[in-house]
Structure formats: structure tokens, C-alpha cells
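The values are calculated or read from the model by the stated rules, or taken from the named source; none is laboratory data. This is a predicted model, so every value here is computed, not measured. Cβ coordinates were reconstructed from backbone atoms using ideal geometry, including for glycine residues, and neighbour counts include every protein chain displayed. What goes into the accessible areas is simple: the full protein's heavy atoms, side chains included, and nothing from ligands, DNA or RNA. Shrake-Rupley method; radii C 1.70, N 1.55, O 1.52, S 1.80 Å.
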Amino acid sequence: MCGIVGYVGEKDAQEFLLQGLKRLEYRGYDSAGIATLNQEKQPTLLRAVGKIKNLEEKIKNHRTSDHLGIGHTRWATHGNPTENNAHPHQAGSIFLVHNGIIENYQDLKKQLTSHKFQSDTDTEVLAALIDSFYQAGSISLEDAVTQALKLVKGTFGIAVLSVLDPKHLVVARSGSPLVIGVGDQETLIASDASALVGHTKKAIYLNDGEIALVSKDHIEVKTLDLQPVSAQVEEILTDLSAIQKGGYDHFLLKEIMEQPTSLKETLRGRINQSEHFVHLGGPGLTPKELKSIHHLIMVGCGTAYYAAQTAAYLLEQFLPDVTIEPVIASEYRYRQAYIPDHSVALIISQSGETADTLACLREIKGQGIKTIGIVNAIGSTIAREVDGGTYVHAGPEISVASTKAFTSQVTALLMFGLTIAEVKGVNSRLLAPIIEEIAQLPDEIARILQSVNPLMSNLAHQYKDYQHAIYLGRDVNYPIALEGALKLKEISYIDANAYPTGELKHGPIALIDDRFFEVVILQSGFLFQKSLSGIQEVLARGGHVVVFTDTDFDLPVESVIKIDTNFTILTPILFNLLNQLFAYHMAVAKGNNVDQPRNLAKSVTVE
Ligand code: M6R
């Protein structure tokens with residue numbers, strides 16, 4: 001979603017802002033802009049619809065040597081993606097960039113009669129409000145911002161400059177992240193630490209309800225009531241290679257192929273293969289608390305939710321006295337659901353910023369339920385607000401389609417379940433084979449990726465012109481089918497839906513015709529024969545069946561991708577690699593923008 005950058009220092013502000021915005025491109029946007037200011041208090045505002053390269057062209061024609069500025073990538077909420085609606089917005093001497101939503105902007109707008117509005121946005125209303133306080137009297141920029149923010153309902157991460165003050169920026173947050181990079185004679189602002197990588201390793205993550213006045217060599221953090229805060233400087237651990245393509249054509253392929261290493265990071269120090277136990281430090285629950293758990297709520301959106309569903313099927317195989325409830329955050333936040341005693345909530349999010357997931361966290365925490373984060377992005381809002389947490393350590397995920405995060409989320413959830421099982425005294429003979437497979441999973445993933453990737457391009461060319469796809473799977477392979485369909489639809493734009501194979505005859509089978517192809521996840525063992533019957537039903541209606549499997553079978557399907565593995569329990573995670581590669585090659589075959597699919601944002605920070 002929207003991205004913010006800011007700079008005050010001695011270097012070329014336009015250059016930093018442009019490079020910073022390029023780093024944030026992955027989040028999804030439809031327009032971009034920057035405003036810089038020189039020492040003579042002359043601003044330069046440049047905005048463009050579409051990709052950053054359009055803004056870059058404008059910058060080339062309007063180069064400045066300014067040392068202070070703010071920039072933004074906008075994902076349209078209020079008003080179309082037009083140049084007037086792009087940020088920064090100006091009101092009087094104020095320039096403002098804003099992530100989030102000002103819910104009461106229409107009421108506020110009615111009162112701001114002296115400002116001539118140029119856009120349809122809520123952000124311009126906030127700019128005008130700040131300006132109205134700033135103009136009204138001898139008040140500092142910081143005071144004007146806090147006065148304005150007191151009247152605002154909604155969420156914000158903002159960066160503000162005033163043409164009257166070429167030495168300072170003011171930033172503030174409530175519900176939308178902001179990081180302040182601490183440099184040498186420069187201070188950098190970003191909504192996501194990835195924009196700061198390579199510039200500084202020191203950062204202050206603002207908390208909700210905080211504001212900061214920053215100059216090139218000074219950072220003063222306060223609460224929105226202007227009480228001083230002693231801000232902690234933290235280390236940015238990401239290095240440049242983690243946010244570069246590293247020789248791959250797309251971030252998506254890089255992230256799929258790096259799963260053996262990203263998963264090793266998830267497992268590092270947490271699993272003892274020889275003695276068959278798992279040690280997960282982060283959740284901070286005592287053995288007594290772990291033992292008393294009888295209900296796990298797993299909250300997530302999109303892929304994170306499917307990771308929860310996948311893990312739920314696996315966990316219930318060895319946690320007989322725990323009910324496991326995966327829930328979709330955007331639904332759960334408005335439900336009046338009863339949460340029984342002895343519950344723990346697992347809050348699953350790659351970005352750690354998803355608005356619906358965050359809302360659930362706050363709601364559940366408010367009910368006195370322990371919340372545990374299963375989060376990838378270090379220092380993100382969810383990671384900071386949960387009672388305890390396990391970082392999945394998959395490394396930055398840049399491509400909008402989530403891949404390596406899924407594998408690490410499922411594995412982290414499994415390890416959390418195993419930790420509970422160990423404390424509850426579940427027979428170690430039941431747990432040992434699972435731990436064994438988890439420990440071997442990175443190498444198994446490496447083998448499968450190498451063997452299957454070369455086959456997928458051909459398969460994609462065979463199916464790229466279909467309009468619809470149905471994914472089918474049973475048991476754990478049902479959420480894997482859901483995840484496969486999500487991956488395909490979001491980057492290939494083929495209408496794809498998933499069903500439990502056994503549900504086919506209760507409705508979806510009516511769809512089958514030549515516009516459709518069907519991807520069936522077929523695992524040997526439990527429910528194999530029943531899955532075969534499902535395939536037969538499709539074949540009997542002239543279906544175009546593709547099977548992802550780990551075994552041989554005798555049915556005249558159109559295409560088969562067979563993986564060679566001795567796994568039995570975690571095979572669904574391996575099948576999902578096929579889903580990922582297939583979706584990737586379909587998107588490439590269709591000539592789509594693989595890493596930034598249309599209409600989507602990487603991090604969904606608005607409801
Ligand atoms: O950052 P999160 O894990 O909270 O994001 C949740 C979903 O928005 C995300 O998984 C989304 O569905 C992906 N685009 C799927 O590939």
C-alpha cells in the first residue's frame with residue numbers, strides 16, 4: 001500500500017526520495033510524488049500518475065539541489081489515481097504525505113472554508129487543517145500538527161514539511177508505521193525500513209500516538225500530548241542483497257527458489273533433530289501456560305489464513321485435546337465470537353501491518369486472551385503489540401504474491417503446536433516423524449524446486465489461455481488447493497477457485513466445460529482412493545485435468561507433475577511449491593507484471 005519517505009541532511013534529497021520510493025514500489029501504488037525545499041524556502045512539488053519512472057522523468061526535468069523533502073507512493077482510496085490526488089498535498093505553507101485514512105475528513109472539510117481544495121483526498125483535508133493551526137498564530141510546526149491530529153479520527157502515518165522551516169520535518173503515527181533512520185548528518189524517514197537499507201543501520205520505530213521533530217542531526221520524539229519519549233535506537237538487520245533480485249528475472253522466482261535458505265532461518269536453533277524436540281523461545285509462555293491451552297485461534301488474511309488452515313489440519317493430528325480455529329481476520333474482527341477459557345490466539349502476518357489482522361489482535365488482546373505473533377517483518381506493528389512472538393525469519397518478501405512466508409508460517413505454527421504437544425506429554429513416537437520431516441524440509445524443498453521448475457514453463461504454456469481454473473484437494477491438501485488458486489488468480493488473473501475434492505458433486509461440478517482446467521492435488525496414502533474418484537468424476541465430464549502428485553496412478557488425465565519424495569506428513573508443503581511455480585510461470589507466459597500485480601498491494605494497511 002502507500003509508502004512514505006523523507007529526507008533532511010546534506011545530500012541530494014530528490015535522489016534519496018526517488019530511490020526510497022523505488023524500494024517501496026513492491027507495496028503497490030498507482031501514483032507517486034515528492035516535494036523538496038531549498039534554503040531560500042522555495043518548494044518544488046512533482047507528482048505523476050502510474051509507475052515511478054513517470055515521476056523520475058519529471059524529476060530529470062526539474063532537478064534541484066535541495067536537502068530536505070518528503071515523498072509518497074499512493075494506492076488510491078479517496079479519489080481516482082490522478083496527479084491532483086497524488087501526494088504530497090499542499091495547503092498554504094504545508095506539504096504533507098499520509099498513509100492511512102482520515103475517517104472524519106468530510107466533517108473537517110466543511111469547516112475549512114478558506115482552503116481551495118484541489119483533490120478528492122482525505123489527506124488534503126489534514127494538510128489544510130494543519131495549515132489552519134499554523135497560520136493562526138505563533139505556533140511551531142510540531143504544535144500545529146498535534147493540534148490538527150487531535151481532531152482527526154482514523155489512522156495515519158504522516159510526514160510534514162513547511163516552507164517556513166527548511167530545517168525540520170515533522171512525522172507522526174497512529175495505526176500506520178513510520179521508521180526514522182538515524183544517519184551521519186542526515187535523518188531519513190520511511191514507512192518501511194527497506195527504504196533505509198544501505199543508508200543507515202540505526203532506526204527508531206515510532207509507536208502509535210507518537211510524533212517526532214527531526215532535523216539532520218537531531219530527533220526529538222514525543223507523545224501526541226507533547227510528553228517527551230526516550231526513543232530506542234534499534235538495528236536494521238536487513239542487508240542489501242535481501243532486497244535485490246540477485247540475478248533472477250523477478251522477485252517472485254527469487255523468493256520461491258530461496259525457500260530452502262529462508263526456511264533454514266525459520267528453523268535455526270529451534271529444532272533438535274537427533275533428540276526429537278522443538279524449542280521455540282519467542283512466545284514466552286510458561287510450561288504451565290502451554291499445558292493449559294485447549295483452544296487455539298489462528299488469525300490471518302489471504303495466504304496467512306491459508307497457512308493457518310494448513311497448520312490446523314496438521315496440528316489436530318497430534319493435539320487431541322486442543323480445538324484449532326483458523327479465522328479470516330476481516331470477518332473475525334466483527335464477529336461476536338465466544339472465546340473459551342484456556343485459549344491462545346496466534347496472529348499470523350508476513351508484513352505485520354495488515355489492518356484487519358491488527359484489529360483482531362487488539363480486539364482479542366482486549367478480551368484478556370494471550371496473543372502470539374507469527375510475523376515475518378521485524379519491528380512491525382503486530383510484532384510489537386503481541387504479548388509474545390515468534391519471528392518466522394523468512395527475510396524480506398518483496399513480491400506481492402506471498403510464497404516463502406507461507407512455508408515459514410506453516411512450519412512455525414507446526415513448531416508451536418509441537419511445543420504444546422511436548423509439554424502436554426503427547427507420545428514422542430507420534431511427534432518424532434513430524435520433527436524428522438521438519439528438519440529435512442529445507443533440503444527436500446531444494447530438491448523438489450530444482451527438479452520441478454524446468455517442467456513448469458511448458459505446463460504454463462499449455463494452460464495459459466484458459467479463462468477459469470478449479471483447484472481440488474482433500475484434507476491438508478484442501479488449504480493447499482486454496483493457496484494454489486489464490487496464487488494463480490492474483491498474478492495470472494485467471495479466475496481460480498478451490499474446493500475440497502469431495503464437495504465437487506455438491507455444486508462446482510456443474511461448471512466443468514472447455515473454458516476450465518482443473519488442478520488436483522493427489523497425495524498417496526489417506527484418502528488417495530477417494531481423491532481418485534473425484535478425478536474420475538471430472539474426467540467423466542470432459543475436464544482438462546492437471547494432477548500434482550507424489551505417486552503413480554492409472555487415469556487418463558491431461559498432465560501430471562509428480563514429485564519424488566519419501567515425505568508423508570509434510571508433502572502438502574511440497575505440493576505448494578508446485579502451486580507457486582505454476583502460478584509464476586503462468587504469469588510470465590501471459591506477460592503480466594509478476595511482482596506487482598494489478599490492483600494489489602503488498603501490505604494491506606487499510607480496511
Ligand atoms: O502481510 P500479511 O501476511 O498479513 O498479508 C496477508 C495477505 O494480504 C497476503 O497474504 C495476500 O493474500 C498475498 N497477496 C497473497 O499472496
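Would you confirm, using the coordinates I've provided, whether residue 404 is open to solvent by 40 Å² or more (accessible area, probe 1.4 Å) and in contact (Cβ under 8 Å) with a residue 12 or more places away in the chain?
No; evaluated as a whole, the condition is false for this residue.
What residue, among those in segment 529-564 that are assigned to a helix (DSSP H, G or I) and in contact with a Lys or Arg (Cβ under 9 Å, 6 or more places away or on another chain), is most open to solvent (accessible area, probe 1.4 Å)?
For segment 529-564, the residue satisfying everything is 530.
Do we find a residue being part of a loop (DSSP other than H, G, I, E, B), within 12 Å of the chain's Cα centre (by Cα) and within 16 Å of the ligand (Cβ to nearest atom) anywhere in segment 404-426?
Checking segment 404-426: not a single residue is part of a loop (DSSP other than H, G, I, E, B), within 12 Å of the chain's Cα centre (by Cα) and within 16 Å of the ligand (Cβ to nearest atom).
Test residue 219 against the stated conditions and say whether it is open to solvent by 40 Å² or more (accessible area, probe 1.4 Å) and part of a strand (DSSP E or B).
So residue 219 fits the description; yes.
Residues in segment 428-451: is at least one charged (D, E, K, R), buried (at least 18 other Cβ atoms within 10 Å of the Cβ) and more than 16 Å from the ligand (Cβ to nearest atom)?
There is at least one residue in segment 428-451 that is charged (D, E, K, R), buried (at least 18 other Cβ atoms within 10 Å of the Cβ) and more than 16 Å from the ligand (Cβ to nearest atom).
Only one residue in 138, 114, 132 is in the same structural domain as residue 87 (by TED's automatic domain parsing), modelled with pLDDT of 95 or more and either acidic (Asp, Glu) or open to solvent by 20 Å² or more (accessible area, probe 1.4 Å) (or both). Which one?
From the options 138, 114, 132, the qualifying one is 132.
State whether one or more residues within segment 496-506 are open to solvent by less than 10 Å² (accessible area, probe 1.4 Å), under 21 Å from residue 403 (Cα atoms), of a type in the set (A, V, I, L, M) and not in a helix (DSSP H, G or I).
Checked against the condition, which is being open to solvent by less than 10 Å² (accessible area, probe 1.4 Å), under 21 Å from residue 403 (Cα atoms), of a type in the set (A, V, I, L, M) and not in a helix (DSSP H, G or I), segment 496-506 yields at least one hit.
Is it the case that some residue within segment 297-304 is open to solvent by less than 10 Å² (accessible area, probe 1.4 Å), away from the ligand (no atom under 15 Å from the Cβ) and closer than 27 Å to residue 571 by Cα?
The answer is yes; a qualifying residue exists.
Assuming residue 399 fulfils every condition listed in (1) within 16 Å of the ligand (Cβ to nearest atom); (2) open to solvent by 10 Å² or more (accessible area, probe 1.4 Å); (3) part of a loop (DSSP other than H, G, I, E, B) apart from one, which condition is it?
(2)
Considering only segment 591-603, state which residues are buried (at least 16 other Cβ atoms within 10 Å of the Cβ), of a type outside the set (A, V, I, L, M, F, W, C) and out of contact with any Phe, Trp or Tyr (no Cβ under 7 Å at 6 or more places or on another chain).
The answer is 597, 603.
Go over the candidates 356, 341 one by one and state the one that is at pLDDT below 95 and either among the acidic types (Asp, Glu) or within 11 Å of the ligand (Cβ to nearest atom) (or both).
Just a single option satisfies the conditions, and that option is 341.
Taking residue 205 as the residue in question, decide whether it is of a type in the set (Phe, Trp, Tyr), within 28 Å of the chain's Cα centre (by Cα) and more than 21 Å from residue 16 (Cα to Cα).
Criteria not met by residue 205.
Looking only at residues in segment 41-75 that are more than 18 Å from residue 96 (Cα to Cα) and touching a Phe, Trp or Tyr at 6+ places or on another chain (Cβ under 9 Å), which one is surrounded by the fewest Cβ atoms within 10 Å (Cβ to Cβ)?
51
Considering 265, 255, 316, which residue is within 16 Å of the ligand (Cβ to nearest atom) and either on the phi > 0 side of the Ramachandran plot or charged (D, E, K, R) (or both)?
255
Across segment 480-501, what is the number of residues that are touching a strand residue (DSSP E or B) at 6+ places or on another chain (Cβ under 9 Å) and away from the ligand (no atom under 13 Å from the Cβ)?
Result for segment 480-501: 9.
Would you mind stating whether residue 359 is of a type in the set (A, V, I, L, M, F, W, C), more than 24 Å from residue 154 (Cβ to Cβ) and within 21 Å of the chain's Cα centre (by Cα)?
It is false that residue 359 is of a type in the set (A, V, I, L, M, F, W, C), more than 24 Å from residue 154 (Cβ to Cβ) and within 21 Å of the chain's Cα centre (by Cα).
Kindly provide the set of residues from segment 319-338 that are away from the ligand (no atom under 16 Å from the Cβ) and either surrounded by 16 or more Cβ atoms within 10 Å (Cβ to Cβ) or not hydrophobic (A, V, I, L, M, F, W, C) (or both), ordered by number.
319, 320, 321, 322, 323, 324, 325, 334, 335, 336, 338
Under 6 Å between Cβ atoms, at least 6 apart or on separate chains: pull out the pairs that start in segment 148-164 with a residue that is without any contact (Cβ under 8 Å) to a residue 60 or more places away in the chain and end on any residue that is in a strand (DSSP E or B) and surrounded by 19 or more Cβ atoms within 10 Å (Cβ to Cβ).
Correct list of pairs: 152/102; 154/102; 156/98; 156/174.
So, in segment 362-389, of the ones that are among the hydrophobic types (A, V, I, L, M, F, W, C) and more than 11 Å from the ligand (Cβ to nearest atom), which residue ends up surrounded by the most Cβ atoms within 10 Å (Cβ to Cβ)?
If we take residues in segment 362-389 being among the hydrophobic types (A, V, I, L, M, F, W, C) and more than 11 Å from the ligand (Cβ to nearest atom), then 386 is surrounded by the most Cβ atoms within 10 Å (Cβ to Cβ).
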